[in-house]
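Trainee: One structure follows; several queries about it will come next.
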Amino acid sequence: FSAAAAMRHFVHPFFRHLPTDIQEVLIQIKASMQRTIGLVPLSGKLANEELGMRGLRVAGKENLHYDQSGREDIDLASHMLLSVARHLLPQLPSEQFAPTVKWACYAIGHQAVALDRTEGCFPKEVIPVGKDPSLPPHPGDSLSRFWDDAGTIKHHHDWLMSLPEESMPMLILHGLPERQRQIYLTAQVLVTMRQALDAPSISTDDHLRFQGLDAAAGAQLMEVIGSELDHRLPLDWPKMHGTVNALANQTSLHITEQKTDASKEKEKKEQKDSKKEKGEGEAKEKTGAKAKAKAGASLKSPTKKVAGAKKSMDKYASNAQSEVGSEAFDLTLGTLELPDLPVGGTLSRFNRHAALRIVQQLGFYMCDQDRALQAVLADGASGTAPGGVRQSRYISVIDKLFEMADRAKHDHTSFLLAVVLFHMVLRALMLRVLYHRAAISIQKRYRYLRNKGLKQRSIGPTIRIQRIWRGLRVSLRLMKMDDAAEKIQNSYRAWTWNRRSRRLLEATLRVQRFWHSTVHRVWLRRCHQAARTVQRFARGMLTRWVLDRRGRQLVRASQVELNEVMKQKSRISESSYIAKTAAIAAKGKVALHQHRQRNMEKHRMESLSSQSHAQRQVDKQRRLKMTGFIQPARESIFEPMIFALQRLELRGPARYGLNSRVLAQVSDAKRKLNRYLPPRKSRAVPFHACSKRGRAAILARRLVKKAPRSSTLVSTMHVDEELGLLDESELQRWMKLQFDVRQ
């Protein structure tokens, strides 16, 4: 029942508690093992969802036995269930194992029927662990990230199957006997505490506070337990109930006190009826103002209670809506209204009846399976068990996993592995039912198509002829509409093309103007940059001519005189000091100017001494004659080079919007080709698919009108065959495809 409570999950939450090496093996065999079990044909009452009733597949007592005598290999589901049960009961003697399994099968079946008869349902509360900022996830428990980490093993069939929107753990725990419920919850709490605190030695009577469980950690683990049970539990219970046993007892008492939505509605209706009867009796017995006052006082307190109940339920419903998100809540008069249990539905939808039927049929697959019991009770040393049963590789892997679990750190690892394997088998049986439903649906469709009546076959050709004629009529109408649309489209394309061309021409001229201005500005910037460069070099040359060795000596001499005058500043008057310094500075400037002039004259004479005046004039005339040889002659130095090159070309009138002579010849050639060799597709877009039949009919009528006529039908057929207007073999094939009703 611990495995059945988590059937809505693709893997049991206990999977996270298993050692890593066991998890890796289970990940590898999960999909193939479940498909192997799911592909076995269905037998027994598994497809019938009416629990507690005699099904059509079960006519008598003999049908309650799963007969596998004619099979070479026993069903993997039976073998797997019995093998896991044997590993759960290793201390049980072999001769007592078969009766124990038979008793357990009957108990499971009757308990599943009793759970199915529960009126109403418990609302499913999806509690995300670690999403509350004030309550982070416990570091020792990985449930907050488990579903994301295990998403890789959610296979295709896991996405297909879905269960009802109710809390299956609450349904099972509420319906179990008290002792079984206590065992279930004790194991749940003990495993959670041991794994989270990493303390394998914790027992049911050990106080959790001494094991390092404070109030915050207790609240975190209570959230984990509530998430596994699909029911929110108080977070402060570990402070008041310190041991595992006490915490399990309190949880069991809390679950026992919970009621389904149907029970709540029934109690509410009874209370309403009792209040109504009580009010009527008081109205008959009491009269007058005193009775009215008492009646008003008696009605006041229930109103407050209902209002308070509604307020508390509003708060509860808002929390539930934030957790669930997809459920529908009705807060009228403080009640929680959930959707009805699905009945029927799609193939992959499993309601409560279907889910509990799978749990009930575990007994069908385990009870009275002598060959499987012999294979399980054998030592398993060879590949073939006693009785001629070949041992599956999955059973060998499971045996190895239980050996690894027995050597694990926690002594409850074998129990966790058994629960996870039971859950996998239950999900595999759900997949078997899903395949059975799909096969039934395909068979029904096939029988429907196979058993069509003769009436449908007889009127088939008539319907086909009518359909073809209607299609031809519609195709002719669509052909006319298509031609009209093409004409409109051609005119619209020409108009839009001309408008677009005008816009493009205007944009092109504008871009050219902008570009010419940009080129001119860039050229001016280059000219200014070149002028600055020439000026920089000229000033540098003048500075070097002034400050050569002789110039530096003149500067030093002027500086020495200035220094001498500055030393005498305190002994002479201010006017004398200013006059002397100004005279020395002026004398130095004059000396430097004269020195610069001498150097300039010297360099000028050296440059002119290489050629005579007549030779320089000849060179000047020669250079003037070469104007335009190296680069085009420009109107000024500020004219860009590309403008000068453009002026050299011959400019004709602007041809905006006019075709050239070459384009005119090309257009004329295309027009002649289209006239003498028309293309197959002269349209801009292909013909509409619905108008092709109408065009073909028009073409056939045109060919028939052009064909030579004769007085007899035979001569007409003969002429048609000679001209090739009708291909008899193609016509016969077309008639067979169109009018054959055996398709």
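The values are calculated or read from the model by the stated rules, or taken from the named source; none is laboratory data. Because the structure is predicted, anything quoted here is derived from the model rather than measured. Cβ: placed from backbone, ideal geometry, glycine included. Neighbour counts: every protein chain shown. Just the protein is used for accessible areas: all its heavy atoms, side chains included, with ligands, DNA and RNA removed. Shrake-Rupley method; radii C 1.70, N 1.55, O 1.52, S 1.80 Å.
Trainee: Can you tell me how many residues within region 7-38 are surrounded by fewer than 18 Cβ atoms within 10 Å (Cβ to Cβ), closer than 18 Å to Leu347 by Cβ and touching a Phe, Trp or Tyr at 6+ places or on another chain (Cβ under 7 Å)?
Mentor: 0
Trainee: Kindly list the number of the only condition in (1) within 27 Å of Ile637 (Cβ to Cβ); (2) at pLDDT below 90; (3) of a type in the set (Ser, Thr, Tyr) that fails for Ser501.
Mentor: The single condition Ser501 does not satisfy is (1).
Trainee: In region 443-487, how many are among the aliphatic types (A, V, I, L, M) and loosely packed, with under 10 Cβ neighbours inside 10 Å?
Mentor: Total meeting the criteria: 2.
Trainee: Can you tell me which of Gln211, Gln220, Gln182 is touching a helix residue (DSSP H, G or I) at 6+ places or on another chain (Cβ under 9 Å) and closer than 25 Å to Phe1 by Cβ?
Mentor: Checking each option against the conditions leaves just Gln182.
Trainee: Oh, and also: Going through region 151-171 one residue at a time, which ones are touching a Phe, Trp or Tyr at 6+ places or on another chain (Cβ under 8 Å) and crowded, with 21+ Cβ neighbours inside 10 Å?
Mentor: Pro164, Glu166, Ser167, Met170, Leu171 - these are the residues of region 151-171 that are touching a Phe, Trp or Tyr at 6+ places or on another chain (Cβ under 8 Å) and crowded, with 21+ Cβ neighbours inside 10 Å.
Trainee: Which of the residues belonging to region 383-395 are open to solvent by 50 Å² or more (accessible area, probe 1.4 Å) and at pLDDT 70 or above?
Mentor: Arg393
Trainee: I've got another one for you. Out of (1) closer than 18 Å to Arg16 by Cα; (2) at pLDDT 85 or above, the odd one out for Arg194 is which?
Mentor: Exception for Arg194: condition (2).
Trainee: Any residue that is modelled with pLDDT under 85, among the β-branched types (Val, Ile, Thr) and not in a helix (DSSP H, G or I) - is there at least one of those in region 461-480?
Mentor: no
Trainee: From the list Ala246, Ala217, which one is assigned to a helix (DSSP H, G or I) and in contact with a Gly (Cβ under 9 Å, 6 or more places away or on another chain)?
Mentor: Ala217
Trainee: Something else about it: Considering region 198-217 alone, what residues qualify as being open to solvent by 40 Å² or more (accessible area, probe 1.4 Å) and within 16 Å of Leu185 (Cβ to Cβ)?
Mentor: Ser203, Thr204, Asp205
Trainee: Tell me which residues, restricted to region 471-504, are closer than 20 Å to Ala689 by Cβ and more than 45 Å from the chain's Cα centre (by Cα).
Mentor: Residues satisfying the conditions are Leu472, Arg473, Leu476, Arg477, Lys480, Asp483, Ala484, Lys487.
Trainee: For residues in region 70-100 being open to solvent by less than 10 Å² (accessible area, probe 1.4 Å) and of a type in the set (A, V, I, L, M, F, W, C), which is farthest from Phe422 (Cα to Cα)?
Mentor: So, considering only residues that are open to solvent by less than 10 Å² (accessible area, probe 1.4 Å) and of a type in the set (A, V, I, L, M, F, W, C), the one farthest from Phe422 (Cα to Cα) is Phe97.
Trainee: Could you identify the single residue in Arg556, Arg623, Arg634 that is out of contact with any Ser or Thr (no Cβ under 8 Å at 6 or more places or on another chain), open to solvent by 90 Å² or more (accessible area, probe 1.4 Å), of a type in the set (Lys, Arg) and under 30 Å from Val522 (Cβ atoms)?
Mentor: Every option except Arg623 fails the conditions.
Trainee: Under 8 Å between Cβ atoms, at least 6 apart or on separate chains: pull out the pairs that start in region 572-601 with a residue that is over 19 Å from Leu547 (Cβ atoms) and end on any residue that is of a type in the set (A, V, I, L, M, F, W, C) and open to solvent by 60 Å² or more (accessible area, probe 1.4 Å).
Mentor: Thr581/Met566
Trainee: Still on this structure, please answer the following. Name every residue in region 126-140 that is out of contact with any Ser or Thr (no Cβ under 7 Å at 6 or more places or on another chain) and open to solvent by less than 40 Å² (accessible area, probe 1.4 Å), in order of residue number.
Mentor: Of everything in region 126-140, those that are out of contact with any Ser or Thr (no Cβ under 7 Å at 6 or more places or on another chain) and open to solvent by less than 40 Å² (accessible area, probe 1.4 Å) turn out to be Leu135, His138, Gly140.
Trainee: Say we look at region 218-232 and pick out the residues that are out of contact with any Lys or Arg (no Cβ under 6 Å at 6 or more places or on another chain) and open to solvent by less than 10 Å² (accessible area, probe 1.4 Å); which of these is farthest from Pro164 (Cα to Cα)?
Mentor: Only one residue tops the list, namely Gly218.
Trainee: Could you grab me the full set of residues in region 536-548 that are assigned to a helix (DSSP H, G or I) and over 20 Å from Ile584 (Cα atoms)?
Mentor: Across region 536-548, the qualifying residues are Arg536, Phe537, Ala538, Arg539, Gly540, Met541, Leu542, Thr543, Arg544, Trp545.
Trainee: Please tell me if Ala664 is at pLDDT 75 or above, open to solvent by less than 100 Å² (accessible area, probe 1.4 Å) and closer than 29 Å to Leu472 by Cβ.
Mentor: Criteria not met by Ala664.
Trainee: Further question on the same structure: Would you check if Pro123 is assigned to a loop (DSSP other than H, G, I, E, B), open to solvent by 50 Å² or more (accessible area, probe 1.4 Å) and over 21 Å from Val420 (Cβ atoms)?
Mentor: Taking the combined requirement at face value, the residue does not satisfy it.
Trainee: Anything in region 367-382 that is in a loop (DSSP other than H, G, I, E, B) and at pLDDT 80 or above? List them, or say none.
Mentor: Within region 367-382, Cys367, Asp368 meet the criteria.
Trainee: Right, next: Would you mind telling me which numbered condition in (1) modelled with pLDDT of 90 or more; (2) farther than 23 Å from Arg544 by Cα; (3) surrounded by 13 or more Cβ atoms within 10 Å (Cβ to Cβ) Glu564 fails?
Mentor: Status for Glu564: all satisfied but (3).
Matching residues to (1) at pLDDT 70 or above; (2) out of contact with any strand residue (DSSP E or B) (no Cβ under 8 Å at 6 or more places or on another chain); (3) among the acidic types (Asp, Glu):
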| site | (1), (2), (3) |
| --- | --- |
| Arg634 | yes, yes, no |
| Arg655 | no, yes, no |
| Phe687 | yes, yes, no |
| Cys690 | yes, yes, no |
| Leu703 | yes, yes, no |
| Pro708 | no, yes, no |
| Thr712 | no, yes, no |
| Glu730 | no, yes, yes |
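Trainee: Let me ask another. Spot the failing condition for His174; the list is (1) open to solvent by 40 Å² or more (accessible area, probe 1.4 Å); (2) out of contact with any Lys or Arg (no Cβ under 9 Å at 6 or more places or on another chain), and only one is missed.
Mentor: Checking His174 against (1) open to solvent by 40 Å² or more (accessible area, probe 1.4 Å); (2) out of contact with any Lys or Arg (no Cβ under 9 Å at 6 or more places or on another chain), the one that fails is (2).
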